[in-house]
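K.L.:
Starting off with a structure, shown below.
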């Protein structure tokens, strides 16, 4: 019996020791400061339209300079659309030139000849009407023949008036309103062609800044959806720390404040300055919390590393930050 009691006392002592160690581990102080990761500014190169990827000039990790080609989408459809728009510009230019030059001499001669023919037809119709009118007065022709001759004369007179009006229009030349309309149409056609030309150029993606290719999600031969990211590019010579500030620290800081940035795996501290901090907390909205829960709110912030050598650090490394004023305190 005594032996069993001794074993029970030892087991109880070990249990108490384990509980004490667990409590000590739970109460062990953690490193101060906010937590986050190292990030670089990113640029997403997107497809303007749904086309097939036919050329890819970069791979993940490649360094690129501004203006370097990145990829090219199938541009045959865009080229056809541009060709149609350029043909519209040519037609508008020729129409304006025609109005500016005025009527050709051959057209005027044809219009004058048509007017003379209309005058002859009117004179013939008038003589025929007079002849029928005299015969009808002598009761040698019915009145219906006189009505028919009168109608033919009126038709000839109307035709002469129309031909004369057409000739007058040709002699007067192009109106100012017509010229302005033709000029506006030419301007519209040129703007449309320029838009189509830009759409064609945007099917070839180029690097808009110096940097490094981070990801290329598509392969040559794949059909890329409209607005899809073809390549993501890291830009900038120095990274920034993307961290979540506790509520207590958020109340004490403003943009421009100095920070120390401790990157995991490195002994040294990098210098930085707070560039931006969110005005709204991340994750759970503040109005949904109360009591001690509200103390666990965090605010997204970005701290620029001010040292040039920081550009050698890779993105994605975990880190913690410490306010320089807090680091100086004993």
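K.L.:
Work out how much length residue 106 to residue 44 would gain on full extension: take 0.36 nm times their residue separation and subtract the Cα-Cα distance, in nm to one decimal. The partial results should precede the final answer.
P.N.:
On the way: separation 62, 0.36 × 62 = 22.32 nm, distance 6.21 nm.
Length gained between residue 106 and residue 44: 16.1 nm.
K.L.:
Based on other C-beta atoms within 10 Å, arrange 187, 139, 196 from fewest to most.
P.N.:
Details: 187 12, 139 8, 196 20.
Ordered from fewest to most neighbouring Cβ atoms within 10 Å, 187, 139, 196 come out as 139, 187, 196.
K.L.:
Give me the distance in nm between label points sitting 7 Å out from Cα along the Cα-to-Cβ direction at residue 177 and residue 296, one decimal.
P.N.:
7.7 nm
K.L.:
Where the centre of each part is set by its Cα atoms, how far does region 212-241 sit from region 54-121, in angstrom?
P.N.:
So the separation of the two Cα centres works out to 36 Å.
K.L.:
Work out how much length residue 37 to residue 68 would gain on full extension: take 0.36 nm times their residue separation and subtract the Cα-Cα distance, in nm to one decimal. Show your work: numbers first, answer last.
P.N.:
Working: separation 31, 0.36 × 31 = 11.16 nm, distance 2.93 nm.
Extra length available between residue 37 and residue 68 comes to 8.2 nm.
K.L.:
Testing the spin-label approximation: label points 7 Å from Cα along Cα→Cβ at residue 237 and residue 90. State their distance in nm.
P.N.:
Computed distance between label sites residue 237 and residue 90 equals 5.1 nm.
K.L.:
What distance in nm lies between label points placed 7 Å from Cα along the C-beta direction at residue 269 and residue 248?
P.N.:
My value for the distance between the label points is 1.8 nm.
K.L.:
Another question, then. For region 81-198, restrict the atom set to alpha-carbon positions and state the Rg and Dmax in Å.
P.N.:
Over region 81-198's Cα set, Rg and Dmax evaluate to 24.6, 83 Å.
K.L.:
Apply 1/(1 + (r/R0)^6) to the Cβ-Cβ distance of residue 151 and residue 187, taking R0 = 35 Å, and write down the FRET efficiency to the nearest 0.05. Numbers along the way, then the final one.
P.N.:
Numbers: r = 50 Å, r/R0 = 1.44.
For R0 = 35 Å, the calculated efficiency reads 0.10.
K.L.:
Right, here's the next one. Specify, per residue and in Å³, the volume enclosed by the convex hull of the alpha carbon atoms belonging to region 32-142.
P.N.:
Details: hull volume 41.0 nm³, N = 111.
Considering the Cα atoms of region 32-142, their hull volume per residue is 370 Å³.
K.L.:
Further question: If R₀ is 30 angstrom, what is the calculated FRET efficiency for the pair residue 197 and residue 219, using the beta carbon separation as r and rounding to 0.05?
P.N.:
Working: r = 28 Å, r/R0 = 0.95.
Computed FRET efficiency for residue 197 and residue 219: 0.60.
K.L.:
Measuring from a point 7 Å past the Cα of residue 126 along Cα-to-C-beta, which residues in region 144-160 have an amide N at less than 11 Å?
P.N.:
Within reach of a label on residue 126: 157.
K.L.:
While we're looking at this one, here's another question. Let's test the formula: R0 of 45 Å, r as the Cβ-Cβ distance of residue 228 and residue 117. What FRET efficiency results, to the nearest 0.05?
P.N.:
Details: r = 69 Å, r/R0 = 1.53.
So, using R0 = 45 Å, E works out to roughly 0.05.
Read the figures in this text as sums done on the coordinates, not as results from a lab. Here the structure is a predicted model, which means the values were calculated and not measured. Neighbour counts are summed over all protein chains in view; Cβ atoms, including those assigned to glycine, are modelled from backbone coordinates with ideal geometry.
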